[in-house]
1. Going through Leu35, Leu76, Leu69 one at a time, which residue ends up being under 29 Å from Glu181 (Cα atoms) and more than 19 Å from the chain's Cα centre (by Cα)?
2. Out of the stretch 100-120, which residues are buried (at least 21 other Cβ atoms within 10 Å of the Cβ) and among the polar types (S, T, N, Q)?
3. Kindly provide the set of residues from the stretch 80-127 that are in contact with a Gly (Cβ under 6 Å, 6 or more places away or on another chain) and not acidic (Asp, Glu), ordered by number.
4. Being in contact (Cβ under 8 Å) with a residue 60 or more places away in the chain, under 13 Å from Arg81 (Cβ atoms) and in a helix (DSSP H, G or I) is the filter here; which residues of the stretch 141-178 pass it?
5. Restricting attention to the stretch 55-106, which residues are aromatic (Phe, Trp, Tyr) and more than 23 Å from Ala139 (Cβ to Cβ)?
6. Could you list, ordered by first residue, the pairs with Cβ atoms under 8 Å in which the first is in the stretch 92-105 and closer than 14 Å to Ala122 by Cα and touching a residue at least 60 places away in the same chain (Cβ under 8 Å) and the second is hydrophobic (A, V, I, L, M, F, W, C) and in a loop (DSSP other than H, G, I, E, B), at least 6 apart or interchain?
7. Considering only helices (runs of 4 or more DSSP H) fully contained in the stretch 34-125, which possess at least 1 residues that are of a type in the set (Ser, Thr, Tyr)?
8. Restricting attention to the stretch 11-36, which residues are buried (at least 17 other Cβ atoms within 10 Å of the Cβ) and farther than 21 Å from Ile116 by Cβ?
Amino acid sequence: METTPTIREQILDHAITLMMQRGYNGFSYRDLSELVGVKTSSIHYYYPSKDDLVLEAVNAYSKEVLASLYAIDSKLPANTRLSRYTRLFGRTLGDGDRICLCGMLASDIASLPENIREAIQAFFKANEKWLAQVLAQGAQEHTLVVNGKPEAAARALYAAYQGSVLASRLFGTKARLEDVEASWKKAQ
């Protein structure tokens, strides 16, 4: 049985989508009120400030993405795990009009309060830690190209993924995202 999302859930879902499309400074409570069909005062009831809403959005997004990430079977070969990770990023793009929420907000970091910055940093670090484990596995299996320490390589790889979604959005193709994955795999 499917349930209808609550007003609070609708506000949060629309806020996440708008931030993935426009960033922190590119949406307002007025935008949300039009999408949800409520007055802006109703939004303030659930989220007294924009920062309250953004922090909850980052936490909800992080929880969902990291759950998908951790659901990738650790018994799979590293190159397969990396392919599944790439597909996760591809889903983030949707129809090509969105960017990873935390990546988008990282570009607005000067506008964000410390607690939101910390939540975004935690999201980045969790992805980098997971990627470091996959890269270490791939180096051991000889299925992935890893130059240097897996932790440093993971930071570079994650930066490449974040940049690829920007370029994919700009050029309207997921090929940029696929190029990142391909550059780390050993030729078979």
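The values are calculated or read from the model by the stated rules, or taken from the named source; none is laboratory data. The model shown is predicted, which means the values in this text are computed figures rather than measured ones. Every residue, glycine as well, gets a Cβ built from its backbone with ideal geometry; the counts of neighbours run over all protein chains shown.
1. Numbers: Leu35 fails: under 29 Å from Glu181 (Cα atoms); Leu69 fails: more than 19 Å from the chain's Cα centre (by Cα).
Result of the check over Leu35, Leu76, Leu69: Leu76.
2. Hits for the stretch 100-120: nothing passes.
3. Here is the first cut: in the stretch 80-127, the residues in contact with a Gly (Cβ under 6 Å, 6 or more places away or on another chain) are 96, 104, 108.
Within the stretch 80-127, Gly96, Met104 qualify.
4. Once the filter is applied, which keeps residues that are in contact (Cβ under 8 Å) with a residue 60 or more places away in the chain, under 13 Å from Arg81 (Cβ atoms) and in a helix (DSSP H, G or I), the stretch 141-178 yields only Glu141.
5. To start, the set of residues in the stretch 55-106 that are aromatic (Phe, Trp, Tyr) comprises 61, 70, 85, 89.
If the condition is that a residue be aromatic (Phe, Trp, Tyr) and more than 23 Å from Ala139 (Cβ to Cβ), then Tyr61 is the only one that fits.
6. Leu105/Leu112
7. Numbers: elements: 40-46, 50-70, 78-93, 101-106.
Once the helices (runs of 4 or more DSSP H) in the stretch 34-125 are filtered for at least 1 residues that are of a type in the set (Ser, Thr, Tyr), what remains is 40-46, 50-70, 78-93.
8. Hits for the stretch 11-36 are Ser33, Val36.
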